[in-house]
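I have placed the structure first, in the form of structure tokens, so that the comments after it can refer back to it.
Since every read-out is calculated from the coordinates, none of them should be taken as a lab result. All values reported here derive from a predicted model rather than from experimental measurement. Because the Cβ atoms are built from the backbone with ideal geometry, glycine has one as well, and the counts that use them run over all protein chains shown.
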Amino acid sequence: MSNIKNAFKNKKAFIAFFTCGDPDLETTKKAIRSAVKNGADLIELGIPFSDPTAEGPVIQAANLRALKGGITTDKIFAFVRELRKDIDVPFVFMTYTNVVFSYGVEKFVSECQKSRIDGLILPDLPFEEKEEFHPICAGYGVDLISMVAPTSEKRIAKIAGEAEGFLYVVSSLGVTGMRSEITTDLTSIVATIRENTRIPCAVGFGISTPQQAAAMAEYADGVIVGSAIVNIMEKYGKDAPQYVGDYVKEMKKALSVY
């Protein structure tokens, strides 16, 4: 059993996404510490990839900045081990299958275990093909986190029934990015999830304001915010950690009504 369940204990979880190495690893490290200090319950760490198909322009640009800065998977593992000296909240990696394949699947997952990474999200891995990764992840105690989207329809029950860690609910069609409104009928999606698993579900893609976070938390067990945080990192650069902390504090406060 991974550490992920602790993020959802008796509260709505705030999950903060960071692109590792944007603008540099030292600033990312400080921003993560600031997010945790201000209430982030789980940290999602993006391993940069040159062709991140699920990402909108904000996170795509962050990926390219980090890659230009010389980020590597080995540097990210070392960075996580450094953070683990003083941070206990769950960590999950979000990356793409090519990153894992090029590193070596077993080597990658075993390094996740050594670095106390609790879960792995691979948005380009079809649910039907997860057996390429799942047995190895299970062997090292790393949750392979599944995603459901509005297009998943009849597959939602099956995906939910096999979910582990938490279930990532994609709020909107398309790629990541801030949206002025989220119109997807999440109530029926979450209802299907509840019928098929006791694993918590968190909603991501498009959430950026306290009002949106509170609205999503009415149905789900947590919210995931990425582009809004990456925007802060880009805008403030090395001064971003303080602003990230202020933002997380505001978002967490919006969830505290539940």
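Pairwise alpha-carbon distances in segment 3-253 exceed 25 Å for 37% of all pairs. When peptides 12-19, 113-120, 147-154 are ranked by their average number of other Cβ atoms within 10 Å per residue, the highest-first order is 12-19, 113-120, 147-154. How big is D for segment 89-166, in µm² s⁻¹ as a whole number, if Stokes-Einstein is applied with the Kirkwood radius of its Cα pairs at 25 °C and 0.890 mPa s? For these conditions, the coefficient is 192 µm²/s.
What number, rounded to the nearest 500 deg cm²/dmol, is the helix-based mean residue ellipticity at 222 nm of the chain, given -39500 (n - 2.57) per DSSP H run of at least four residues and division by all its residues?
That comes out to -12500 deg cm²/dmol.
Estimated translational diffusion coefficient (Stokes-Einstein, Kirkwood radius over Cα pairs, 4 °C, 1.567 mPa s) of segment 27-120: 93 µm² per second. Using the Cβ-Cβ distance between Asp74 and Asp51 with R0 set to 22 Å, the FRET efficiency from 1/(1 + (r/R0)^6) comes to roughly 0.60.
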